[in-house]
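Presented below is the structure to which this report refers.
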Amino acid sequence: MMASIPRTAPGSRSVWATVSVSALITYVLGALYLLARILRVTHGHFTYTLDDPYIHLALSERIRHGLYGLNAGEPASPSSSVLWPFLFVPFAGTRLMVFLPLILNLVFGCVAAWCLGALVDRYVHGEPMERRQRWLAHLLGVLLVFATNLLGLTFLGLEQLLETLLCIGCAFLLIAAAEETSLPRWSVGAAILLPMVRYEGLLVTFAVVFALASLRRWRIAAVVLVASCLPVLLFSVFLHHLGLPILPMSVLVKRVMISGEGSGLRHLASVVSGALQAAKNDSEHYTVVMLVAVSIATLLYVWRSRRFMPVLLAVSGVAVIQLLFGPFAWFYRYEMYCVSFVLPVLLACSLGGWGAERDGSTVAGGRRTTQPALGLLCVATGAIVLHYLQAFTGTPNAAQSVLREQGQLARLTTEFYPGPVAVNDLGLVSYQRTAQQYVLDLGALGSPEVFHTPSSERTPAWLDSVVAEHHIGLVAIYPEWFKALPKDWQPVAKLCAEEAYYGPATPRVMLYGTPDANGADLMRSLTQFKATLSPGTLLELHPQNASQTCRP
């Protein structure tokens, strides 16, 4: 990593005065603040801000016993990451396991913050600068920590922070290639590892290969292409051997959620049209729209440069594809790979004076600093920070809300009613259960039979039959996710999380008893469970409606 940072000039300030240190300190202090706030609002019961990481933890527990799936004898691929669940397998069954995603993310976040600061240091450290300019450089490093949502991603407990770090590494690789300096080995490794962390990483890796090949770095381009694709292909062979689709079910389900069911040019045109309309009306697209505009404008400015044009073409392509076909929402986690790949390249272009080559001058190994650009970059990066600030401020409430809803639902289905259950928001309910305690995922991430049934065929009769097949007595779902429910499902309770502004999809879960349930036993379990609820969670027995609130 340090190979990409120029050596300090004689008489320059110490390493403690670098932007890297400022960015790292900002991240560490921000992470400690959020951790303290989470522990306070959860009364010491640390919980992630989404319940999705518990799917990975549950899968890791099953992998340790030789099963790739959640239920005994039923292979499934509920994880969108090839690598992430396997990182926890050595610690499966230990008390440390539940904290491992946080520990790993804190490490990845520290490295990512340092790298973002190092990017600024690449152009300003050791340069003669006025005090105001030096302060602006440090401010830019601090803003980059928030602009890439490092703190929000840390407490998700998912693989997106590792993906963000690797995308920053890919950006460093292209910057070094464009400025004709030595290619950092860690950046090459980042481009290779990225698709194993998340599948959209293939887009970034292919963009890197394109840029390297265009810059005649043929050998490195070939190594990255082969070494990154081979593990993904082997994993697809593994899934096919298990009788599963060659891509994880979670990836395919979310693709349908984003683009809908269908194929062909007409469907593609519909997807593009919908994405453009969303970009116009939905503020969640704001940052990527801005990156698309700036990257294309910069590309046109340096179009005749053989050194910089391929790099800017690569990052522009990633931004455009994310805007048109990529997911958004869910705590600003899905677009961060794009932001963390495109933004560093645009910063290098501005700070390194890449456009100077257009006027016949040259850029000396990334040391031509456009100091007046620091102020404009702080303003532009600050605009991105304002967009993602909600992820920082909402993190404690999201953790509290997940504990109040999904955490309590997990307690109900493990301590009070440990029999087979059906849910449509898989996560904490699947964690710390044995493979014999069946969980039917009506959201299709973890249950192949649901996945293979088209959404149009998931009728009340089908729901009745699939639940009866597994002798499920309790169904815990968001009813608005279904067009209709079986008439013989009786609403027995409604669980509500108070002040749930972030985290769960809705602040209310409806509980239904099926014909397979022993009504007296089920109500006894619910009554006992209600007596143990902590403040902030309400359970209404025999609810009269499915509204978002519960009667005390």
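The values are calculated or read from the model by the stated rules, or taken from the named source; none is laboratory data. Note that this is a predicted model, so its numbers are computed, not measured. Note that we place each Cβ from the backbone using ideal geometry, even for glycine, and neighbour counts take in every protein chain shown. Side chains are part of the model used for accessible areas, which takes the heavy atoms of the whole protein and leaves out ligands, DNA and RNA. Shrake-Rupley method; radii C 1.70, N 1.55, O 1.52, S 1.80 Å.
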Sort the following peptides by mean Cβ neighbour count (other Cβ atoms within 10 Å, averaged over residues), highest first: 540-549, 436-445.
436-445, 540-549
I need the phi-derived Karplus couplings for the range 93-107: 6.51 cos²θ - 1.76 cosθ + 1.60, θ = phi - 60°, integer Hz, Gly and Pro marked x.
x, 9, 5, 6, 4, 5, 8, 4, x, 5, 4, 4, 5, 5, 5
Run through the DSSP bridge list for the chain and note the antiparallel percent, rounded to the nearest 5.
75 percent
Using the 2.2 N^0.38 Å rule of thumb for compact globular proteins, work out how the range 71-113 stacks up: its C-alpha Rg over that value, please.
1.41
For the residue pair GLN490 and LEU376, what label-to-label distance in nm results when each label sits 7 Å from Cα along the Cα-to-beta-carbon direction?
7.0 nm
Gained length - SER182 relative to SER456, 0.36 nm times residue gap less alpha-carbon distance
93.2 nm
What helix-only [θ] at 222 nm does the chain give? Using -39500 (n - 2.57) per DSSP H run of at least 4, over all residues, to the nearest 500, the answer is -17000 deg cm²/dmol
Surface share of carbon and sulfur [accessible, 1.4 angstrom probe, percent] for the range 19-156
67 percent
When N is the residue count of the range 409-490, what does its C-alpha Rg come to as a fraction of 2.2 N^0.38 Å?
1.03
With a/c under 1.5 counting as rounded, go ahead and sort the range 208-338 into rounded, prolate or oblate using the C-alpha gyration tensor (a ≥ b ≥ c being the square roots of the eigenvalues; past the cut-off, prolate if a/b is larger than b/c, else oblate).
oblate
To test your reading of the geometry: what angle, between 0 and 90 degrees and rounded to tens, separates the Cα axis of helix 160-178 from the longest principal axis of the chain?
20 degrees
Can you pull out the GluC sites (Glu not before Pro) in the range 449-536 that DSSP calls coil and that have at most 12 other Cβ atoms within 10 Å?
GLU499
If you take every DSSP beta bridge whose two residues both sit in the range 368-514, what share of them, in percent to the nearest 5, is antiparallel?
60 percent
In nm, the gap between the two label points placed 7 Å beyond Cα toward Cβ at LEU533 and SER273 is 4.6 nm
Rh (Kirkwood, all Cα-Cα pairs) for the chain, Å, reads 24.9 Å
Taking all pairs of distinct Cα atoms, average 1/r, flip it, and tell me the Kirkwood hydrodynamic radius of the range 74-233 in Å to one decimal place.
17.2 Å
Ignoring trypsin sites (Lys or Arg not before Pro) buried by more than 13 other Cβ within 10 Å or outside DSSP loops, the longest site-free run in the chain is 307-482
Of the accessible area of the range 385-446, computed with a 1.4 Å probe and all protein chains kept, carbon and sulfur make up a percent value of 58 percent
Just to confirm, what accessible area per residue do you get for the chain at 1.4 Å probe, in whole Å²?
41 Å²
Mind giving me the nanometre distance, one decimal, between the label points for GLN432 and GLU415, set 7 Å out from Cα along Cα→Cβ?
0.9 nm
Check the cysteines of the chain one by one and keep only those with no other cysteine Cβ under 4.7 Å from their own.
CYS110, CYS115, CYS167, CYS170, CYS229, CYS338, CYS349, CYS378
What ³J(HN,Hα) values, in whole Hz, does the Karplus curve 6.51 cos²θ - 1.76 cosθ + 1.60 give for the range 67-72 when θ = phi - 60°, with x put for Gly and Pro?
10, 9, x, 10, 10, 4
For the chain, the charge dipole (Cβ of Lys, Arg +1; Cβ of Asp, Glu -1; about the Cα centre) points to a positive end, and the Cα of PRO543, TYR337, ILE175 closest to that extreme belongs to ILE175
The farthest towards the positive end of the charge dipole of the chain, of the residues ALA92, LEU403, CYS115, given +1 on Cβ of Lys and Arg and -1 on Cβ of Asp and Glu, is CYS115
When the charge dipole of the chain is computed with +1 at the Cβ of Lys and Arg and -1 at the Cβ of Asp and Glu, the Cα pointing farthest to the positive end, of LEU194, THR434, LEU526, is that of LEU194
Please report the carbon-and-sulfur percent of the accessible area for the range 451-552; probe 1.4 Å, protein heavy atoms only, DNA, RNA and ligands left out.
54 percent
